[in-house]
Each structure stands twice: as structure tokens, then as C-alpha cells.
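A short worksheet on the structure shown next.
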Amino acid sequence: MQRQRVIIRTIGVATAVALAATACGPQKTEPVAASSVSSSPTAGSSPEASPSTDDKPGEASASPSASASASASASASPSSSSSPSPSVKQIMANGDESEQVRELQARLRQLKLMSVAPTGFYGSKTTAAVKSFQSKHGLNGTGSVDEATWKKIQSDSKKPSADELRPATVNEVAAPDPRCMQGRVMCISKESRTLAWMIDGKVVSTMDVRFGSENTPTREGVFDVGWKAKEWTSTIYHTPMPYAMFFSGGQAVHFSADFAARGYNGASHGCVNVRDKGKLSALFDQVQVGDKVVVYW
């Protein structure tokens, strides 16, 4: 009798594991301090601010030391090496928020000094990028933009386009995997955390995505869309999965309200989460059963 109970318990556990691999939903994780965040893009605790935005007061900071340094620099007494002369007028500085700051960030992105999308808020990342630019061009390295710095940035870059000021994704889209260059493909990069819908090597649309945690990773490889469901609820986790396009067992590309609300402070149970419902709705209408899906690093 005891042996029978052991066998039954073993079968039950194996069945639960098998079912968990056929559906997904959001994992609830507690926000953690930025200093303890894993560097893996699949980790559920990676904060939204870390890879994708500049830092605002009250938001998670990607680099507390950089933020503290910027704050200390702003409050430090003037010196010839790190602080502006009292007569130098600052056009933009840490804490400012405006369309001019957005333009500054877009220009710095052109110059490969910022990798994140423009936000319009002048935080620690913008401060660091400006300071780097000033250092390279023999300007006073304050991290704030005075007239000389602004003129030099303008002369070294071009006027940003509308797409550069407000790009389609917060994360910078990765170069397509070679396997994405032919046919109709959802090209999904785990490194940049983006999905690019491509047809015959041309990018049609892009969007930010989120993956499973280390315990329930999103599978990598080449797949096909097996079936689609505009309205679907996970049979395991009982969470909504609108605009689901299944490509590997229970793993699918689908809209996630949790991703839209919490960003990268959470993770899926293996699915590819999308937070822009409008974009995904349009993609859902275009993708056909049998289209290729490539998930890669």
C-alpha cells in the first residue's frame, strides 16, 4: 500500500510538470533593489528602468551609484574640473523635463552615447552621456548642457526624425537573426527584448516583449505558428492571454496586462508577453498559421 502511494504521488508530480509546460501566465514577483537585480534579460525581477528608460525620482534606478554621483555633482561646490563657472548659463540639467531634453537624448542616441529611447526627462543616464560627450570634446565635464555643449552636440548630429524622438519600442531593436531574413517571421530577440515582424527581410513593425523566468524559460529556436486565438485564457494559470499566437506547445506570443502595468518587474511562465495591445492586435491580424517564429539571443 505504501509503495502504491509513492507511485501515485510520483505520477501526480510528473503530470503537473507536463501541464505547466503547456500554458503560461504572469509570475508575481516582488520588486527588488536595483543593486540585486540579475543581468539576465529573462529574469523576472529586472526593473523597467534598468534597460530602457532614464531615471525619474521615485522610480527604480538602473545604477544607484551613477544617480548618487550625479546628485553629488550637482550639489558640489564649483571647481575648475567638474563644476561650471557661475557665469555659465545651463540650458538643460539633471531633473529637467521637456521636448528639448527629448531632442537632446535623440541626438545623443545618434552619437551612440545613449542606448535607451528618449523620454524627455533628464536623469542619471542623460547626465552620464552628456559628461562623456564633454570629456571627448574638451568641454567642461559637468553633465549639464550649456550653450557650448549644445552647439557642439547639434553640429555633430542631425535633427531627429519623429521616429527617433518617439521610437516604436522602448528597447533598441537588435539586428535580425539570419534565420529571420526570408519569408514571414516573428523575429524575437531575447537580448534586446524586442519582437520584429518581418516579411522577406524587411521589418514591418516592432514591439517590446518580456519572457519567462529562469525557472520557466521561453524556448529558443525556430518554430511555426501552430494556432491562434484572439480571446484565450490559460488553462493552467487561469489568466487572460488575448491575441495568442501559439508556436511551441503552450508557449505563445500574447498581450499581457501584467507586462503593461509592471513592465520588467515581472515575468511570464514561458510565453512571449507584449505590452502594446494596439500593436499586437494589428500583428495578430497579419500573422497566419504556419508563419515562422525565431527566438534567439
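The values are calculated or read from the model by the stated rules, or taken from the named source; none is laboratory data. Note that this is a predicted model, so its numbers are computed, not measured. Counting neighbours? That spans all protein chains shown, and the Cβs are built from the backbone with ideal geometry, glycine included. When the accessible area is computed, the model is the full protein with side chains, heavy atoms only, and any ligands, DNA or RNA have been set aside. Shrake-Rupley method; radii C 1.70, N 1.55, O 1.52, S 1.80 Å.
The mean accessible area for residues of region 89-141, using a 1.4 Å probe and ignoring ligands and nucleic acids, is 42 Å² per residue.
Can you give me the relative contact order of region 255-297 as a percent, contacts being Cα pairs under 8 Å and 6 or more apart?
36
For Ile91, the residues whose amide H sits under 5 Å from its own are Val145, Asp146, Glu147, ignoring neighbours fewer than 5 places away on the same chain, with H placed 1.01 Å from N.
Where the accessible area of region 228-270 is counted over protein heavy atoms with a 1.4 Å probe, how much of it, in %, is carbon and sulfur?
Details: 870 of 1540 Å².
The C+S portion of the solvent-accessible surface of region 228-270 is 56 percent.
A probe of 1.4 angstrom, applied to the heavy atoms of all protein chains, finds Thr233 with accessible area near 80 square angstrom. Within region 197-214, name every residue whose backbone N is under 20 Å away from a label modeled 7 Å from Cα of Asp285 along the Cβ vector. Output list for this probe position: 197-199, 203-208.
Computed from the C-beta positions of Arg219 and Ser155, the FRET efficiency with R₀ = 51 Å rounds to 0.60. Percent of Cα pairs in region 202-243 per distance bin of 5 Å, from zero to the largest separation: 5, 13, 13, 32, 26, 8, 3, 0.
Pairs of alpha-carbon atoms within less than 8 angstrom and 6+ residues apart define the contacts here; what relative contact order does region 114-214 have, in percent?
Working: 123 pairs, mean separation 19.4, N = 101.
Across region 114-214, relative contact order equals 19 percent.
Hey, what D do you get for region 174-224 in µm²/s if you plug the Kirkwood alpha-carbon radius into Stokes-Einstein at 20 °C and 1.002 mPa s? D, rounded to a whole number, is 187 µm²/s.
Could you tell me which of the pairs Lys158/Lys202; Lys190/Lys292; Lys159/Lys277; Lys125/Lys190; Lys202/Lys279; Lys112/Lys158 are separated by over 20 angstrom between their Cα atoms in the structure shown? If you can, show how the numbers build up before the last one.
Details: Lys158/Lys202 25 Å; Lys190/Lys292 17 Å; Lys159/Lys277 31 Å; Lys125/Lys190 23 Å; Lys202/Lys279 17 Å; Lys112/Lys158 13 Å.
Beyond 20 Å: Lys158/Lys202; Lys159/Lys277; Lys125/Lys190.
A Förster distance of 35 Å, applied to the separation of the beta-carbon atoms of Lys277 and Asp200, puts the FRET efficiency at 0.85. Alpha-carbon geometry of region 177-291: the Rg and the Dmax are 13.0, 37 Å, given in that order.
Take Lys125: with every protein chain present and a 1.4 Å probe, its accessible area is about 40 Å².
Measuring r between the beta carbons of Glu147 and Trp297 and using R0 = 45 Å, the FRET efficiency lands at 0.55. Whole-Hz Karplus values for region 246-259 come out as 7, 10, 8, x, x, 8, 8, 8, 7, 6, 10, 5, 5, 5 Hz, taken residue by residue from phi with 6.51 cos²θ - 1.76 cosθ + 1.60 and θ = phi - 60°; glycine and proline positions read x. A cut-off of 5 Å between modelled amide H atoms, ignoring neighbours fewer than 5 places along the same chain, links Thr239 with Ser234. The heavy atoms of His238 present about 130 square angstrom of accessible area, all protein chains included, probe 1.4 Å.
Our coupling estimate for region 119-128, obtained by passing each phi through the Karplus curve with A = 6.51, B = -1.76, C = 1.60 and θ = phi - 60°, is 10, x, 9, 8, x, 5, 5, 5, 4, 5 Hz, Gly and Pro reported as x.
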